[in-house]
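A short write-up of the structure that comes next.
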Amino acid sequence: MANTTTKRGLIARYGALLKRPSTVAMGVILALGFIAGVVFWGGFNTALEMTNTETFCIGCHEMEDNVYQEYKETIHYSNRSGVRATCPDCHVPKDWTHKIVRKIQASQEVWGKLTGFINTRDKFLDHRKEMALREWQRMKESDSRECRNCHNFEYMDFSEQGKRSVSMHSTALASGEKTCIDCHKGIAHHLPDMDGVEGWH
């Protein structure tokens, strides 16, 4: 009996609280804020993922007519196993924090598109070395993080590799002296003029 009376008292108190206009308004605001947050986050994440597709990357002729045509001739595009590395696999980090940083950096590329920075083949070739050096530096600073999403020297079968590869993969990479991009420049795109590039031989 006392328990029932206590429950009724609690219900009556909460009922009175909900009848106050300020409490109802606060509840509505919180509910709408929650729904708006879910919609915003869902829309933001969907848009972000749409920019992480090969179709998006080659949506402008600067990429489709230049680096994409070169990439189609490489083992990353077509190979005996059928495993493909697309543009975002190599150029966009997988984890969220690094991905957002890369997307912010990519806003510079959008500006380049709007201003016609490389909108002709000649302009592209004129700036190719500068763009390649910037991308190689980014990869080196991340210890070739995107390469390592697919390639991990801990799982390499050295018996299937040539002597030079075994030497590099088992020593320089393992010791942290070098990273993938130090030796594998031009693996998916043509190299620029490499005169004056430090360490290139």
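Values quoted throughout were computed directly from the atomic coordinates according to the rules given, and no laboratory measurement underlies them. Remember, it's a predicted structure, so these values are computed and weren't measured experimentally. Here the Cβ is made from the backbone with ideal geometry for all residues, glycine too, and neighbour counts use every protein chain on show.
In plain terms, the chain from Ala106 to Phe158 could stretch by 15.0 nm, reckoned as 0.36 nm per residue minus the Cα-Cα distance. Converting the Cα gyration tensor eigenvalues of the chain into ellipsoid dimensions via √(5λ) gives semi-axes, longest first, of 53, 25, 15 Å.
Residues of the chain were split at every exposed loop site, defined as GluC sites (Glu not before Pro) in a DSSP loop with at most 15 other C-beta atoms within 10 angstrom, and the longest piece left, sites excluded, is 74-176.
Two tests apply to each whole DSSP H helix in the chain, Cα reach of 27 Å or more along its axis and mean Kyte-Doolittle hydropathy of at least -1.0, and the ones passing both are 21-50, 96-115. With a threshold of 29 Å on the Cα-Cα distance, the over-threshold entries among Lys103/Lys163; Lys94/Lys123; Lys99/Lys163; Lys72/Lys140; Lys113/Lys178; Lys123/Lys178 are Lys103/Lys163; Lys94/Lys123; Lys99/Lys163; Lys113/Lys178; Lys123/Lys178.
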